[in-house]
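Readers should treat all values here as calculations from the given coordinates under stated rules, not as data from a laboratory. Keep in mind that what you see is a predicted model, and the values were worked out from it rather than measured. We place every Cβ from the backbone using ideal geometry, glycine too, and count neighbours over all the protein chains shown.
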Amino acid sequence: MEKRLFLFTILFTFIFMAACGNDQTNYMGGDPTPPEETEEPAGTEESEQVLRVMENDATGEYLADSDGMALYYFTNDEPETSNCADDCLANWPAFTVSDLEVPEGYEESDFDTITRDDTGEEQVTYKGYPLYYFINDTVEGDVNGQGFSGAWYIVNDSTEFAE
């Protein structure tokens, strides 16, 4: 009986060590090697972002990022001010880039940035209004946020903002 208990203990120890061996946390005080990031979420790139003009049968032409993800404005925003925070921002992530190339038909002077009060990030604006993504747009060409709650709309060169 003692021999079986001894073998069971050894076997259990090996299984336990094997299961714990894949943990990347180093409990001996060293820093673990972080995994390499292969892709950053949309809107968080620190390199140049080349905006595109895309077209949808239902919405017509609209402004998109270099990955073809639609950009929106929020009618509850005010010039130079975002009124989308917390849960709103979770569903409508801010469009934040450090360098921007505008497409033909758009004026570079119409684009700028504001510093968000809640996150401190620089959010890109078009004609003073902050730009956002929609969390339910998952692939290039999606415009699922167009007209959402009567407050979210795509942006194009003929967009007129309420003053």
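In nm, what is the difference between 0.36 nm times the number of residues separating residue 91 and residue 61 and their Cα-Cα distance? If you can, show how the numbers build up before the last one.
Values: separation 30, 0.36 × 30 = 10.80 nm, distance 2.29 nm.
That works out to 8.5 nm of additional length.
For the stretch 61-163, would you read off the P(r) tail past 25 Å as a percentage of all alpha carbon pairs?
Considering the stretch 61-163, 10 percent of its Cα-Cα pairs are separated by more than 25 Å.
Taking amide hydrogens as modeled 1.01 Å from N in the peptide plane, which residues meet the under 5 Å criterion relative to residue 95, leaving out close sequence neighbours?
When sequence neighbours closer than 5 places are left aside, the close amide H contacts are 124, 131, 132, 133.
In vacuo Debye scattering of the stretch 75-132, one point per C-alpha: log10 I(q)/I(0) at q = 0.20, 0.21, 0.26 Å⁻¹?
Ignoring solvent entirely, the Cα scatterers give -0.71, -0.77, -1.10.
Given the C-alpha centroids of the stretch 137-155 and the stretch 80-122, what is the distance between them in whole angstrom?
When both Cα centres are located, 16 Å separates them.
Along the Cα-to-Cβ line of residue 112, 7 Å from the Cα, sits a label point; which residues in the stretch 44-86 have backbone N less than 11 Å from it?
79-81
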